[in-house]
Amino acid sequence: MHSPSLRAKSPVRDPDAPSTVAPRDEGRVVLLLLCLLAFAIRLGVHGLFQSIAHPDETYQYVEQAHRLVFGTGLVPWEYRLGVRSWLIPGVLAGVLEIARLFGGSPAAQLWAVTAFMAALSLPLVACAFRWGLNAGGLAAAIIAGALNAVWFEPVFFSVHPLADTIGAVCLTGGMFAACPGGAIPKRPRWFAAGALFGLAFGLRVPLAPAIAVAVPTTCGCHVRDRWRPLAAGAALALLLLGGLDALTWHAPFQSIWLYLWLNAGRGLSSYFGVAPWYAYLFLEFGYCLFLLPVLAGFAILGGRRLPVLLAVATVLFVSLSLVPHKEDRFLYPVLPIGLTLAGIGVATAARRIASALRSPWSERRLGLAGAAACAALSLLLGAYGGFSRHFREGSAVLAAMRQVSADPAACGLAVAPAEDWWRIAGYTGLRPGIALYGIAPGSPSASGAAYDYAVSGRRDDLARYGLERETCFPEWLSNGTTDAVCLWRRAGGCMADAAPALRAAMPADFWANLRR
């Protein structure tokens, strides 16, 4: 007769659980290889398709860092009103300063920023790998890590300095510190989670709903061991941001409360465009086509292992969908968590299929096969899908500005029309000593003496300013059409006082909308 106590102690095997446990050393080697792969792909793709994801990366961050290091740069309305924290420009200023000390050209300085952002995105790959390893074994770890390493959207957005990309690192890092999917974290991890959540909120306020879901679901009723250290970490991060605002804007937390007042209270963001609640669904379907519901299904399957992550990703996607002003970059913080869950789901489904077929495939082989399939799909969608246009946005104007910077005699560059100042890369894209000007409608022809180069659209004629068209660079626009950025040149030097310097001026209706 069998003992009931022995029968109760017999483990019941989960059919979705990994059949083998990966050695720790093997997991570290695989993670290192995935991080190196992610870093190389990001730099390689950006080298082939240099682009500008959004004007904000230039004027809200890199251009302001350029002002700190070199003293020149256009000042957008956000920095006239004090709506942005100086934390990100301050960090990027350190990157530019290091590149400058090593004699880097403007192009090399931008490459330094790209490399820094690529390195900053690697913790997302590491978190995905560890989540997969803890929740689903080596196969889930490899596929989840590979999706974050090679999927076309993270590959593109992660190298661009935006509040969305940096906020995603903070949010995902905080989630992993609080919910690693394995052993219950110790108090120092809860402190780190709070600090990262605080930074995520301070740098990107729309991440608040995700944080509001993540904190209570991970902390539960454990006030002393979880809530207190998490609150201490968050308070420290927010106090540092508030103190920085007090030093730079002379008002604590101004970049947070003024952002909320202008966007939530005054609806200023709607000035830049509105879209219906379902716009993100249509957008992602245009990028992923038939794979979108498949990936969503795998993410739901993976969410069975990590339900907190599924809840956070869902709430964040829904909350962003309810905001009238929408841009695809706003969705970036959803991607690391969503792709991680999808990777765990793919591994779970693959393991079930292999078990049903009585296949001898190991965890390593399942993971590598799944990662290879994800990489192939990412390559196809990134190259031929609706997202492909992003890889070339801004490449034309960057090429034109590199050509101007390469001319040692260049002394001035004009933008035609002046209201298109946001299309160029600012002073960041030029070597020191070249001033920026704008050609407004009705500008006197004598103003052409202030500059020896100009950039314009294909249809503009700048001959009356003494300029001759030198070359045109093809440009891919956000609506999927093509145009060109043309570079004009005039022989001779520059008379700086012949025209006013370029300003990051906003239209009159923008200020009217702000004052109403």
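Please treat every number below as a calculation from the coordinates, not as lab data. Please read all numbers here as calculations on a predicted model, not as lab measurements. Heads up, the Cβs are rebuilt from the backbone with ideal geometry, glycines too, and the neighbour counts pull from every protein chain shown.
Taking each residue as 0.36 nm, the span from N513 to C221 lengthens on full extension beyond its C-alpha to C-alpha distance by 100.5 nm.
Considering Cα pairs under 8 angstrom that are at least six residues apart, work out the relative contact order of the range 306-437 and quote it in whole percent. Normalised by residue count, the contact order of the range 306-437 is 16 percent.
Of the chymotrypsin sites (Phe, Trp or Tyr not before Pro) found in the range 354-461, not one falls in a DSSP loop while having at most 15 other beta-carbon atoms within 10 Å. For the pair H250 and A212, how long in nm is the line joining their label points, each one 7 Å along Cα→Cβ? Here the modelled spin labels are 3.4 nm apart.
Each listed q (0.21 Å⁻¹) maps to a log10 I(q)/I(0) for the range 222-333 from the Debye sum over equal C-alpha point scatterers, namely -1.14. Once backbone amide H atoms are built at 1.01 Å from N, E393 has I52 as its partners under 5 Å, excluding neighbours fewer than 5 places away on the same chain. Working from Cα positions, state the angle (0 to 90°, nearest 10) between the long axis of helix 187-203 and the longest principal axis of the chain. The angle comes out near 30 degrees.
Shape class for the range 120-201: oblate, because the ratio a/c of the largest to smallest gyration tensor axis (alpha-carbon atoms, square roots of eigenvalues) is 1.5 or more and b/c is at least a/b. Within the range 70-159, the chymotrypsin sites (Phe, Trp or Tyr not before Pro) that combine a DSSP coil assignment with at most 12 other C-beta atoms in a 10 angstrom radius are F102. Applying a DSSP loop filter and a limit of 10 other Cβ atoms within 10 Å to the trypsin sites (Lys or Arg not before Pro) in the range 316-413 leaves R358.
For the pair the range 381-445 and the range 166-219, the centres of their Cα atoms are 39 angstrom apart. Label point of R469 set 7 angstrom out along Cα-Cβ; within the range 402-431, amide nitrogens under 16 Å from it belong to 416-417.
Under 5 Å from the amide H of E470 lie the amide H atoms of L487, W488, R489, each residue being 5 or more positions distant or on a separate chain, with H modelled from the backbone and absent for Pro and chain starts. Working from Cα pairs under 8 Å separated by at least six residues, relative contact order for the range 24-391 is 23 percent.
Working from Cα positions, state the angle (0 to 90°, nearest 10) between the long axis of helix 363-384 and the longest principal axis of the chain. The helix 363-384 is inclined about 30 degrees to the chain. List residues of the range 451-469, by number, whose backbone nitrogen lies under 17 Å from a label position 7 Å along Cα→C-beta of D407. Those under the cut-off are 451-457, 461-469. Take every DSSP beta bridge with both residues inside the chain and express the antiparallel ones as a percent of the total, to the nearest 5. About 65 percent, rounded to the nearest 5. Spin-label model, F285/R389: points 7 Å from Cα along the beta carbon direction are separated by 1.8 nm. Given the choices (1) 23.9, 74; (2) 25.4, 106; (3) 29.7, 94, Rg and Dmax of the Cα atoms in Å derived from the coordinates of this structure is entry (2). Once the Cα atoms are used to define both axes, helix 334-356 deviates from the longest principal axis of the chain by about 40 degrees.
With neighbours defined as other Cβ atoms within 10 Å of a residue's Cβ, the residues T217, T114 order from fewest to most as T217, T114.
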